[in-house]
Structures are given as C-alpha cells and as structure tokens.
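A short worksheet on the structure shown next.
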Amino acid sequence: MAVTGDILATYRGPRRVFARLLAMGPREDRMLAFLMAGCALMFIGRMPGLAREAHLTGQEQTMLLSNALFGIIFVAPLALYTLALILHWIARILRGEGESHAARLALFWSFLATSPLMLLNGLVAGMIGPGVELNLIGGLWFSAFLWFVISGMYQGYWVRPEVQA
C-alpha cells in the first residue's frame with residue numbers, strides 16, 4: 001500500500017497498520033525514510049509560522065528558516081532515536097517482548113502519520129497566529145501522536161506474533 005494510504009488507514013485502525021509494517025521485518029532503511037519524511041514535512045509545516053514571525057518582528061526570514069532546518073533535520077532525528085530507545089527500555093521494564101526496532105517503528109511511523117496535523121498546525125500558526133485555535137490543533141496533533149505511539153508499542157511488544165498476521 002502507498003504511504004499516503006497507510007497514513008489514512010492509521011487514523012482508522014493504527015494497530016492493523018503497525019501489524020502490517022512489523023510483518024515486513026526490521027528494515028532500518030524504511031524506518032529512517034519514515035523519520036526523515038516526517039522531519040521534512042515538519043519543516044514545511046513550520047514555514048508559515050516562521051514567515052509570520054519574521055514579518056511581525058522584523059527578523060530576517062532566512063535566519064529563522066536555516067535555524068529551524070538545522071534543528072528539525074539534524075537534531076530532531078537524534079532526539080527521536082533517543083526517545084525510541086527510552087520507549088524500548090520502558091517496554092522491557094513493563095515485560096514487553098518486542099525488539100527495539102518495534103519502538104523505532106512505532107515512534108517514527110507515528111511521527112509521519114501525524115504529519116497532516118503538523119501541516120495544519122503550521123497553517124494555523126502562519127495565518128491566525130498564537131491563540132486558542134493553535135492550541136487546539138496542537139493538542140489534536142499531540143493526542144493523535146500519543147494514540148499512534150501507544151497503539152504501535154502495544155502491537156510491537158505485547159501482541160503475540162501469531163496474532164499480528
């Protein structure tokens with residue numbers, strides 16, 4: 001299935017999508033592609049808000065964009081890999097039986113799958129600015145992200161492999 005179809009399917013049933021992705025085996029290249037695509041979409045989503053900030057404050061837009069690009073493309077993946085390792089340790093402490101690739105897949109896929117909400121958040125930040133609307137969309141993004149991560153971790157660590165297929 002195409003990635004966009006999987007993203008839409010994740011909103012309907014995240015555990016089914018995670019089960020299908022886990023059944024493909026531990027492919028680090030696919031997980032890195034999910035992560036980098038999510039980071040690229042996050043950067044695109046930040047552009048309208050940064051343009052608004054540059055216009056209102058008089059700062060140079062290229063400086064704001066280059067700082068955001070560095071943070072999102074180079075620093076965020078390292079932070080997300082670290083968070084995936086922490087999630088793996090927590091799952092193992094809670095007697096989960098999955099491998100570390102399941103935690104990376106759950107986190108990175110959740111990040112990519114919630115990218116439509118990240119893009120909407122960026123549009124609201126650029127067009128409306130800070131306020132209730134931006135907080136509402138940000139909360140919606142975080143809720144969906146948390147729901148997908150928890151579903152993916154459950155599927156990867158506590159559901160038996162024979163049930164996943």
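The values are calculated or read from the model by the stated rules, or taken from the named source; none is laboratory data. None of these values were measured; they are calculated from a predicted model. Virtual Cβ from ideal backbone geometry, glycine too; neighbours counted across all protein chains shown. The accessibility values were calculated without ligands, DNA or RNA, using every heavy atom of the protein model including side chains. Shrake-Rupley method; radii C 1.70, N 1.55, O 1.52, S 1.80 Å.
Note on GLU60: accessible area approximately 120 square angstrom, rounded to 10, probe 1.4 Å, nucleic acids and ligands left out.
Largest GNM mean-square fluctuation across ARG52, ARG95, ARG30, computed for the chain with C-alpha springs under 10 Å, falls on ARG95. Structural descriptor for the chain: relative contact order 36 percent, calculated from alpha carbon pairs under 8 angstrom and at least 6 residues apart. Kirkwood radius and radius of gyration were both taken over the C-alpha atoms of the chain, and their ratio Rg/Rh is 1.02. First compute the accessible area of the chain with a 1.4 Å probe, then give the percent of it belonging to carbon and sulfur atoms. Solvent-exposed carbon and sulfur of the chain make up 69 percent of the total.
Report, to the nearest 10°, how far helix 100-113 tilts away from the longest principal axis of the Cα atoms in the chain, using its own Cα long axis and a range of 0 to 90°. The helix 100-113 is inclined about 40 degrees to the chain. Under a Gaussian network description of the chain, with springs only between Cα atoms under 10 Å, the residue in GLY152, GLY71, GLY126 that fluctuates furthest is GLY71. Per-residue SASA remark: TRP89, around 140 Å² accessible (1.4 Å probe; ligands, DNA and RNA not included).
For the chain, the longest principal axis of the Cα atoms and the long axis of helix 76-93 meet at an angle of about 30 degrees. Taking the chain as the reference, fit the longest principal axis to its C-alpha atoms, fit the long axis of helix 132-157 to the helix C-alpha atoms, and give the angle between the two in degrees, 0 to 90, nearest 10. Once rounded, one gets 20 degrees. Taking label positions 7 Å along the Cα-Cβ direction at both ARG12 and PHE70, the computed distance is 4.4 nm, reported to one decimal.
With a 10 Å cut-off between alpha carbons and a GNM built on the chain, which of ILE72, ILE150, ILE128 moves the most? Judging by the Gaussian network model, the answer is ILE128. A crude spin-label estimate for the pair LEU140 and THR57, with each label 7 Å from Cα along the Cβ direction, gives 2.7 nm. Only protein heavy atoms count here; under a 1.4 Å probe, MET127 has an accessible surface of about 150 Å².
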